[in-house]
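Asks: Here it is, the structure, as structure tokens.
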Amino acid sequence: MHENEHIKRLLSAIALNNDQTACKELFLLLHSRLKQFAYSILKSGEEAEELVSDVFIRIWQKRDQLTTIESPLFYFYTTTKNLSLNRLKKQKRQVSLSAEDWLVQMNSIYFDPEQLMMTEEIMRQIKKAVNDLPSRCRLIFKLIKEDGLKYKEVADLLQLSVKTIEAQMAIALRRISKCMHFDIKNSLYTGIKK
Amino acid sequence: MSQEIFWVLLSKKLSGEASPAELKDLENLVLEHAEWQYAIQNLEDLWKQQPPKDDMQAEDAYMLHLHRMKEMNIAFGDMPEPLPAIIGKNRIRKWYWAAAASIAFALGLFAFNKFFNNNSEKTLVAREVNEISTRQGSKTKVELPDGSVVWLNAGSKLTYNKEYGQQLREVTLTGEGYFDVVKMKEKPFIIHTSNINIKVLGTVFNVTAYPEDKQTETSLIHGSIEVTIKNRPNNKIILSPNEKLVVYNEPGENGNTHLKEKEIPEKIPLVAIKQLTYQNNDTIAVEAAWIRDKLSFKNELFADVAKKMERWYDVTFEFENKRKENLLMYGTFTTETVEEALAALEFSFGFRYKIEHKKVTIY
């Protein structure tokens, strides 16, 4: 995922040169998704904002060790999750990941006629279909499509099985395809060997 | 083997998770169905789309973050200048719902006699025709001579003439009205809007027919109604409760329509029957929430939400960043001011705004 490559370069610059510009760029890149993630756990905008700041403080303090992470986005989401759950614990609130209260704004589904052979109306329906997905399904879809996490990483992050991730992704994809009037019928299945 | 396998395989392929064996399985499947190629190609293109880079909200958050680190005495190279006065802690707004009970309906009832006797500036244009209209930002409730009640939303107009109730009960509506019609079998209640006529015997429903909108919507709550579309007089549509009828305005019918001829895709009918939308625990449909003083929208484009907000709050919206028109939003507002509503939406949905007098600009 080329975004992960970009992030790794930023982390190198930060670790080797204390590069302030890279710090800011990293922050701007990650802020909104980490904040949404934290917000979904903490249920408070103000706390989510502080939490994201805490995550970045931690990144700064550990910058030397971060140059070797393979999957930085997974690392950042995991840190966000752990810090959020810790915070809940300290506040003596229930420590759990909600099933369906995730705030998930997807940004990569928009109408660009130069890149897509689809009408604006179909894109609208696709956006609506994505927004109508149950929130955890949409979260999984976003983590995989936009953030490039692996199935195993998402399973780990959300405390689910990989099979669940596979099934949720299948659901999301099928609903999107329906908007494009693409669905398959029952008569198929001879070709697949188990 | 179920169809789900196909979708599992395809999604694994798109996300780079498929094993070589799985890729082969998928390939074999697809070979048997050349007609899927086009759709699969579209999905692959869709998958490759990257999100756009702008995030202006994060700039503010970054400044606050630096400030916070300074307060915590964490060494961080060259610190920035002291924060400009505008950006302070209160820029991080809370997500909140107003607590209070809803505001009582504006403006009360108007009985038939009062139209002639009272000289209220809201009503009575000419003696032959009774006209009730509402400005932007206000709503009203009207009682018709037969006891039927109409709630009129902001920016709407209802008219009826002195023959009302003799053989028919006819009214004309522009804008949005919620109707509670008294049952009178022998005197059908008929609503005329620019696109459709609705005939009712006795029932509760909502009609949205703003001339500047792309469509006319009729939502049925109780009872049953028959809708006739003006340019298709032989098409009568009967709605059941919890259904709504959406009629897309044809181009050229009113000067304000945005829908151009070539934008109407073939697969979308000009008339569609849909289910009413209910928010999680509400007993009132989103389409009719406005009579309870709730501004409600679920999965709607910002462009459409903006139109609703313009009427509700009596403001105007301008999108300087056209892309934001396509943000999907959901929300419910009751007694919030427009600033409070915008702040709550900004937090969740990622845009910036400026409000000056009654003009809202979106970035």
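What follows draws every value from the coordinates through simple rules; no lab data is involved. Treat the numbers as computed from the prediction; the structure is a model and nothing was measured.
Asks: Work out how far the C-alpha atoms of chain A reach from end to end along every principal axis, then list the three figures in whole Å, largest first.
Replies: Cα spread of chain A along its principal axes, largest to smallest: 58, 42, 38 Å.
Asks: In degrees, nearest 10, range 0 to 90: what is the angle between the Cα axis of helix A:120-132 and the longest Cα principal axis of chain A?
Replies: 60 degrees
Asks: Could I ask something else about it? Using Cα pairs closer than 8 Å and at least 6 residues apart in sequence, work out the relative contact order for the stretch A:75-160, in percent.
Replies: Value for the stretch A:75-160: 31 percent.
Asks: How large are Rg and Dmax for the stretch A:97-194 when calculated on the C-alpha trace, in angstrom?
Replies: 15.0, 41
Asks: Same structure again: Translational D (Stokes-Einstein, µm²/s) of the stretch B:4-48 at 25 °C and 0.890 mPa s when Rh comes from the Kirkwood sum over C-alpha pairs?
Replies: Rounded to a whole number, D works out at 230 µm²/s.
Asks: Same structure again: Please give the Cα centre distance for the stretch B:181-206 versus the stretch B:297-326, rounded to the nearest Å.
Replies: Between the Cα centre of the stretch B:181-206 and that of the stretch B:297-326, the gap is 31 Å.
Asks: Starting from the coordinates of the alpha-carbon atoms of the stretch B:156-198, obtain the Kirkwood hydrodynamic radius over all distinct pairs and give the value in Å to one decimal.
Replies: In the stretch B:156-198 this quantity evaluates to 10.9 Å.
Asks: To continue, here is another question. With N denoting the number of residues in the stretch A:2-90, provide Rg(C-alpha) divided by 2.2 N^0.38 Å, to two decimal places.
Replies: 1.05
Asks: How high is the relative contact order of chain A, in percent, with contacts defined as C-alpha pairs under 8 Å that are six or more residues apart?
Replies: Computed value for chain A: 19 percent relative contact order.
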